[in-house]
Amino acid sequence: MEMMKAGRMVDVGRMECEEIPVPPLDEASSDAAPSSRPDAALGMTAVNYDVLIRSEMASICGSDLHMVMMGAGLAHRPPCPHGFPGHEGIGMVVESRAPGLPEGTHVLTFPNPPVGECFCAFQRVNSSYCVPLPAGDVPRSHLLMGQQLGTVIYAMRQHPRDVTGETVMVMGQGSAGLFFTYLLKRAGAERVIVSDLSPTRLAVAEAYGADECLNAAELGNAGVIEAVKDMTNGRGADYVVEAVGRSDTFLDSVELVRMDGQLLWFGLPSTDDNIHVRFQKFFRKRLSAASTYGAQDEPGSMSFRQALQLIASGDIDVSPLVSHVFDVSEIGDAFRLAHEPHDAGALKVSVSFD
C-alpha cells in the first residue's frame, strides 16, 4: 500500500504531519461535505471525487490561519480530516475520471475548504475545482499564487466599481490585499492608500502601485484613520477594502470611507463571535457594503483562469510573494510562521511535497 505525508489539524493551534495510505479515488468520506456547497459541512455527506492529484505545493491562506490557529469557522471537530483546510494547491493528475483532464495534466486546485485536501501529498478533488496550468516556463510556485489572485478577481467581478480617478484604501497587505492594490491601481484609481503591520509587505505594496503606505504597527488604528483623513481633507476614501478579517479593522473601515462611499469586506472573520459595527455612523454616512465568498463555485472558474494568465504572461510579478517554503513534514512550523509573519518578513508561506 502506497503511503503519503499529510498535514492534519489535530487541535486548535496544532498542525502536524502524519504518514497515511494514499486514499482510493472512489473512497468518499462521511466526514466530508458536498462539493457543491461551500458551507455544507453541516450536512456531512459524500463528495464526488473524480480526480487524484500528486501535490507539488500548497499555500497557507489567511482563512486557514483563522481556522487552524484561532478555531474560527471550523467545518470539522479536531482532529480534522487529513489535508483540511488546504484549498490552494498545485500538482499533476495521476488518476482521472473527468473528461478533459487526462493523467499527466498539471493543474491548479481550489477545493472548498471543508473538503480541501491540499495539505496531502496526494489530494482528491472534484474536477470542477481544478484547471490546467498555462503552457510556459513560469515556476510552479508563481502559478500557485493564481488561487489567491483568482479570489480577488472574483470579488471585483461580483461587486464592480468604477474607481477611475478615485482614492481607494486597502486595509491589509497580505497576498489578497496586495492583489487588490495591484488591480485597483490598474483599474484607474488615482490614489491607492494601504495599511499593514509589516514593512516588508508595505514595500511590496509600493511596487504594486500603492501611493501611500501606512505602517499600522507604528501608527496604531487611530493613527491610520487620522492619516487617511489628513490625506483626503477630512473626507475619507471613496472606496475601502478590508482584507484583514479582524474585528478592529472591520470596525475601522466605517471610519475610513467618505460620505456615500462603498465598502468591500473581503477578509474572512477571525472569530465566530458577533462583530460590532458602528451602525449609527454607517447609517448617517449612507454607506453601502458588500462581502464575497465562494470563488471556487464560479461557473467555468473564469477568475482563476484569468489569474493564471496574468501570472503566466508576466503582467503581474508574484515572485516577491513566494517568501517561505517548508517541506510538508514541517507544516507545523509553516503555520506558526504564517500566523506571526512580521519579524521574519514573511508574505506567502507554502509547503512542498517531495
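The values are calculated or read from the model by the stated rules, or taken from the named source; none is laboratory data. Values in this document were obtained by computation on a predicted structure and should not be read as measured data. We place every Cβ from the backbone using ideal geometry, glycine too, and count neighbours over all the protein chains shown. Just so you know, the surface numbers come from the protein's heavy atoms only, side chains and all, with ligands and any DNA or RNA stripped out. Shrake-Rupley method; radii C 1.70, N 1.55, O 1.52, S 1.80 Å.
For the stretch 264-308, how many residues are in a helix (DSSP H, G or I), over 30 Å from residue 106 (Cα atoms) and in contact with a Gly (Cβ under 6 Å, 6 or more places away or on another chain)? Number satisfying all stated conditions: 0.
Matching residues to (1) more than 23 Å from the chain's Cα centre (by Cα); (2) at pLDDT below 95; (3) open to solvent by less than 60 Å² (accessible area, probe 1.4 Å); (4) under 21 Å from residue 167 (Cα atoms):
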position: 261; (1), (2), (3), (4): yes, no, yes, yes
position: 270; (1), (2), (3), (4): no, yes, yes, no
position: 273; (1), (2), (3), (4): no, yes, no, no
position: 278; (1), (2), (3), (4): yes, yes, no, no
position: 285; (1), (2), (3), (4): yes, no, yes, yes
position: 289; (1), (2), (3), (4): no, no, yes, yes
position: 298; (1), (2), (3), (4): no, no, yes, no
position: 304; (1), (2), (3), (4): no, no, yes, no
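Under the condition of being assigned to a strand (DSSP E or B) and surrounded by fewer than 16 Cβ atoms within 10 Å (Cβ to Cβ), the residues counted in the stretch 1-17 number 5. Exactly one condition in (1) of a type outside the set (S, T, N, Q); (2) more than 15 Å from residue 147 (Cα to Cα); (3) at pLDDT 95 or above; (4) outside any loop (DSSP other than H, G, I, E, B) is not met by residue 311; state its number. So the condition that residue 311 fails would be (2).
Scanning the stretch 102-111 for residues that are under 15 Å from residue 128 (Cα atoms) and either small (Gly, Ala, Ser) or open to solvent by 10 Å² or more (accessible area, probe 1.4 Å) (or both) gives 102, 105, 106. Only residues that are part of a helix (DSSP H, G or I), open to solvent by less than 30 Å² (accessible area, probe 1.4 Å) and either free of Cβ contacts under 8 Å to residues at least 60 places away in the same chain or over 18 Å from residue 85 (Cβ atoms) (or both) were counted in the stretch 314-336, giving 1.
Per-residue answers, yes or no, for (1) touching an Asp or Glu at 6+ places or on another chain (Cβ under 8 Å); (2) closer than 14 Å to residue 301 by Cβ:
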site	(1), (2)
91	yes, no
96	yes, no
102	no, no
127	yes, yes
145	no, no
155	no, no
162	no, no
166	yes, no
